[in-house]
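Asks: Attaching a single structure in structure tokens format; questions to follow.
The values are calculated or read from the model by the stated rules, or taken from the named source; none is laboratory data. All figures in this text were calculated on a predicted structure; none of them were measured in a lab. Backbone-built Cβ (ideal geometry, glycine too); neighbour counts: all protein chains shown.
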Amino acid sequence: MDFLEYRDPERAKEFQELIHERTPDEDIKIMHVCGTHESSLCEYGIRQVLPDNISLVEGPGCPVCVTPVRHVDEALKLAEEEDVTLTTFGDMVKVSGSEDRLSREKENVKIVYSVSDAVKLSEETGDEVVFLGVGFETTAATYAPVLLNEPENFSLLGSVKRIPPAMEFLLEMEGTDIDGFMAPGHVATITGVSPYRDIAKRFDAPTVVAGFEPLDILGSIAELLKIINTDSRVENVYERAVDEEGNRMAQKMIDKAFEVTDAEWRGIGTIPDSGLEVKNDRLDARKRYDLELSVEEYEEPEDCICDQIILGKSEPGECPLFNSGECSPQNPVGPCMVGSEGMCNVWYEYGGRRDV
Amino acid sequence: MSDDEVSLEAGAGGLEMLKLLKESVFPSIDLGEISPKIGVREMDDGAVIDLEGSEKYLVFTTDSHLVKPRFFSGGDLGKLAVSGTINDLAVMGAEPAALSSAMVLEKGFPRDDLERISESMGELAESAGVPIVTGDTKVVGEGDVDGVMVNTSGVGICEELTPASGLNPGDKIIVSGNVGNHGMSIVADREGFDFDIESDVAPIHRLVGELKGVGGITAMKDPTRGGLAASLNEMASASGVDLEVEKGDIPIDSKVEGAGEMLGIDPLKIANEGKVVLGVESSCAQEALDALRDEERGKNSRIIGKCTEDGEGRVILNTEIGSSRILKTPRRKPIPRIC
Amino acid sequence: MCLAIPGKVLEVEENRAVADFKGVEKEVRVDPLPEDVSEGDYILSHAGFAISTITEEEAEETLDKFDEILEDTQG
């Protein structure tokens, strides 16, 4: 599969030179909204090779980070009080609810690799299985086929969100000063490029649709700088996986299985039309188990500036809790440190932006 | 979890464990005056004790094993226990002499499993030439231990020490083969994947023995929990040097890479049970490499980096695309992720 | 948030395929794909489901696209 790896150091160097050539004198802020992009950026030391005046910030793209605390409480409640097996992706393990952590050491909590494994478990054991469904459109595309098959003793505790409304929200907000977007390539395989064209046009926001290999990212940044300098539009640099209309089959399945609702993003608040809720009540764990609809009561501690960081307005280095060590991956206080791809967690692990 | 109680996290070997030990254990057992040459404080793979009237040292190590699944692709708890202790002695520079094996069994533990584990231990001890000479057995009530816990301790004699703290600027870093196999095979078995990846569990004392003829070996570790990343960091900070490592030079099986990319698990940060990572004086590096490669268990050895200068123990990873980043000790257990 | 990797399809049966990911074989659900896949195709897999296909042409065209960007004298 070598031909699908785009890590050639020659081209990487040439992209770096092109990026330096195209970078204007003033400060440029590029935002991405994908935990996996953040992962790639750090793994390949991308920020280190960019000019100093380009800041590449992570917006609300880490699904663990933006999951409201009460969803974790709901999951824990189901595991403890109802006779269910609570299944989850590994990413959510160790995340704290308001009082306790989601932990695989708990008797009826199981980590699974795929929602299909959770359904298989329900079929094989006959037990009631609930899946804590976090993620964005990419992962919704895995939930939809499962829900449409109407499994018997299975339900989804949904925490599914949509990225384009969040991007709009950020662009409408004052003070975010985003010069360009790096759109999430795998969300785009599902949604297609067109939602981003709409947004780019309405908000005058240059956007590139980027893949995840280092050359995908460097090439995308180079392209983005060109369109920031000339005109705002959308360039698809991940054509091998993303086309204009996206994955129509997946979109159809998602439309059938979910309805669009407002959703709450931890650290931000409610973003209109940014959530996906399970249509079939029997398959919606909240309805199936009569979970009380509660409002998010959890408040981040006073000094926590995650809400600024998640909007790209501040950097982890500006946070008093980060700097004092009170907030760390072992003892995460706010959402940016909770997810392993959260900006603060990654900053902590990899030593900051370009500090090598 | 209150600070009054030992947390599960403290068993994971990271900062929490260190805190637990420094606060509740070391103050009492680390007795300055009768401290050995290398002891509890150094937290190396083994302890080193001067032998009066001799220029040789006694090396002593101990480990408790609870791995689950107990039987995994390429090995089992018994093999792991014997191999692990032999390797800890070997990487300190010792010739392993003998092992002990203490078992705590839960009432109801299957006799078959016990026999399988014992057979594995015996077979490996014999083929490695390191006998199990003493032991202990206890049986406790249901729930008082999870199935079985095996502790193996070992002693060996050493002429030239190769502690983790021995690195000097200019030394080259060598790893004796492909990394991540054991960790990935355990994840696969635990999560129910059929990946056809085998643990590399094996004793490497004879492999290390080949290096004695070369000379210039300054430091060694076996990269078990936390993988290559943890060992490099431990060696760097114990030695007070910074390291620079080339990602492209680190040998990794394509399957392990594939599994890692699929699950979001880094092969550099998961355990190996049949590998050595070592520091060697630059002038001896090629010879050391050749000596390792001559052996079956070292055939994929590579020079992966060097010690750059005195420092705080930073490990810098040069990526495939020519940039650099920091490689830190992993803090999490390897769990499949989607993000 | 979307770890997805390419794999080569080895066999297909209804809504499941077995794909090879750098030597590791794993079953992948292909329900979300708009077209049927066959042996030899490459799929992009996320959390056990195929979300897109990638042809060899598309993979090569990526390199062409990179070179295009590099040779572009505008901007």
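Asks: Residue check: is B:V148 touching a Phe, Trp or Tyr at 6+ places or on another chain (Cβ under 6 Å) and in contact (Cβ under 8 Å) with a residue 40 or more places away in the chain? Give the steps one after another, and end with the answer.
Replies: Details: touching a Phe, Trp or Tyr at 6+ places or on another chain (Cβ under 6 Å): yes; in contact (Cβ under 8 Å) with a residue 40 or more places away in the chain: yes.
Judged against the criteria, B:V148 is a match.
Asks: State yes or no: is A:G35 under 16 Å from the mean Cα position of the chain (by Cα) and either closer than 22 Å to A:E239 by Cβ or among the polar types (S, T, N, Q) (or both)?
Replies: Here the answer is no, as A:G35 does not meet what is asked.
Asks: Given (1) within 28 Å of A:L276 (Cα to Cα); (2) crowded, with 17+ Cβ neighbours inside 10 Å; (3) of a type in the set (D, E, K, R); (4) at the interface with another protein chain (Cβ under 9 Å from one of its Cβ atoms), where does A:R104 come up short, assuming only one miss?
Replies: Answer for A:R104: the failing condition is (2).
Asks: Can we say A:F154 is aromatic (F, W, Y) and closer than 26 Å to A:P335 by Cβ?
Replies: Answer is no for this residue.
Asks: Still on this model: Residue under question is A:A141, and the condition is that it be in contact with a strand residue (DSSP E or B) (Cβ under 9 Å, 6 or more places away or on another chain), within 9 Å of chain C (Cβ to nearest Cβ) and among the hydrophobic types (A, V, I, L, M, F, W, C); does it hold? I'd like the intermediate steps shown before the answer.
Replies: Numbers: in contact with a strand residue (DSSP E or B) (Cβ under 9 Å, 6 or more places away or on another chain): yes; within 9 Å of chain C (Cβ to nearest Cβ): yes; among the hydrophobic types (A, V, I, L, M, F, W, C): yes.
So A:A141 fits the description; yes.
Asks: Additional query: Scan segment B:203-221 for residues that are buried (at least 20 other Cβ atoms within 10 Å of the Cβ), assigned to a helix (DSSP H, G or I) and not hydrophobic (A, V, I, L, M, F, W, C) and jot them down.
Replies: Of everything in segment B:203-221, just one residue is buried (at least 20 other Cβ atoms within 10 Å of the Cβ), assigned to a helix (DSSP H, G or I) and not hydrophobic (A, V, I, L, M, F, W, C), namely B:H205.
Asks: Just to be sure, is A:Y44 more than 9 Å from chain B (Cβ to nearest Cβ), hydroxyl-bearing (S, T, Y) and either over 27 Å from the mean Cα position of the chain (by Cα) or surrounded by 19 or more Cβ atoms within 10 Å (Cβ to Cβ) (or both)?
Replies: no
Asks: Considering only residues that are within 14 Å of chain C (Cβ to nearest Cβ) and either of a type in the set (F, W, Y) or out of contact with any Gly (no Cβ under 8 Å at 6 or more places or on another chain) (or both), which ones fall in segment B:167-180?
Replies: Within segment B:167-180, B:N178 is the sole residue that qualifies.
Asks: In segment A:50-64, what residues are farther than 17 Å from A:V208 by Cα and more than 14 Å from every other protein chain (Cβ to nearest Cβ)?
Replies: Scanning segment A:50-64 gives A:D52, A:N53.
Asks: If only one of B:R225, B:R325 is more than 14 Å from chain C (Cβ to nearest Cβ), outside any loop (DSSP other than H, G, I, E, B), under 30 Å from C:G23 (Cα atoms) and modelled with pLDDT under 95, which one is it?
Replies: Unique residue meeting the criteria: B:R325.
Asks: What is the number of the single condition among (1) in contact with a helix residue (DSSP H, G or I) (Cβ under 7 Å, 6 or more places away or on another chain); (2) within 13 Å of another protein chain (Cβ to nearest Cβ); (3) touching a residue at least 40 places away in the same chain (Cβ under 8 Å) that B:G298 does not meet?
Replies: (2)
Asks: Go through segment A:132-158 residue by residue and tally those that are in a strand (DSSP E or B) and in contact (Cβ under 8 Å) with a residue 40 or more places away in the chain. Full working, then the answer.
Replies: In the first step, residues of segment A:132-158 are kept if they are in a strand (DSSP E or B); the result is A:132-135, A:154-158.
Checking which are in contact (Cβ under 8 Å) with a residue 40 or more places away in the chain leaves us with A:132, A:134-135, A:154-158.
Residues that pass the stated criteria total 8.
Asks: Right, A:A144: crowded, with 24+ Cβ neighbours inside 10 Å and more than 29 Å from A:A205 (Cβ to Cβ) or not?
Replies: Here the answer is no, as A:A144 does not meet what is asked.
Asks: Is it true that A:V93 is out of contact with any Cys (no Cβ under 8 Å at 6 or more places or on another chain) and within 14 Å of chain B (Cβ to nearest Cβ)?
Replies: Yes; evaluated as a whole, the condition is true for this residue.
Asks: Right, another one. Identify, from the list B:E210, B:E198, B:E123, B:E191, the residue that is more than 16 Å from the chain's Cα centre (by Cα), of a type outside the set (S, T, N, Q) and in the same structural domain as B:V82 (by TED's automatic domain parsing).
Replies: Working: B:E210 fails: in the same structural domain as B:V82 (by TED's automatic domain parsing); B:E198 fails: in the same structural domain as B:V82 (by TED's automatic domain parsing); B:E191 fails: in the same structural domain as B:V82 (by TED's automatic domain parsing).
B:E123 is the lone residue from the list that is more than 16 Å from the chain's Cα centre (by Cα), of a type outside the set (S, T, N, Q) and in the same structural domain as B:V82 (by TED's automatic domain parsing).
Asks: Which of (1) of a type in the set (D, E); (2) more than 16 Å from A:C65 (Cβ to Cβ); (3) free of Cβ contacts under 8 Å to residues at least 40 places away in the same chain does A:D284 not meet, given it meets every other one?
Replies: Tallying (1) of a type in the set (D, E); (2) more than 16 Å from A:C65 (Cβ to Cβ); (3) free of Cβ contacts under 8 Å to residues at least 40 places away in the same chain, A:D284 fails exactly one: (3).
Asks: Across segment A:1-41, what is the number of residues that are over 29 Å from B:V315 (Cα atoms), free of Cβ contacts under 8 Å to residues at least 40 places away in the same chain and more than 8 Å from every other protein chain (Cβ to nearest Cβ)?
Replies: Count: 4.
Asks: Further question: Can you pull out every residue in segment A:88-111 that is among the aliphatic types (A, V, I, L, M) and in contact with an Asp or Glu (Cβ under 8 Å, 6 or more places away or on another chain)?
Replies: A:I111
Asks: Of everything in segment B:228-270 that's touching a Ser or Thr at 6+ places or on another chain (Cβ under 9 Å) and assigned to a loop (DSSP other than H, G, I, E, B), which residue is surrounded by the most Cβ atoms within 10 Å (Cβ to Cβ)?
Replies: It comes out as B:G264.
Asks: Quick check: is even one residue across segment A:197-207 in contact with a helix residue (DSSP H, G or I) (Cβ under 8 Å, 6 or more places away or on another chain), part of a strand (DSSP E or B), away from every other protein chain (no Cβ under 14 Å) and in contact (Cβ under 8 Å) with a residue 40 or more places away in the chain?
Replies: The answer is no; no qualifying residue exists.
Asks: Within segment A:154-191, can you find the residues that are small (G, A, S) and under 14 Å from the mean Cα position of the chain (by Cα)?
Replies: Within segment A:154-191, A:S159, A:A166, A:A183, A:G185, A:A188 meet the criteria.
Asks: Please go through segment B:25-50 and give me each residue that is over 19 Å from B:V91 (Cβ atoms) and touching a residue at least 12 places away in the same chain (Cβ under 8 Å), ordered by number.
Replies: Within segment B:25-50, the subset over 19 Å from B:V91 (Cβ atoms) is B:25-35, B:50.
Result: B:F26, B:D50.
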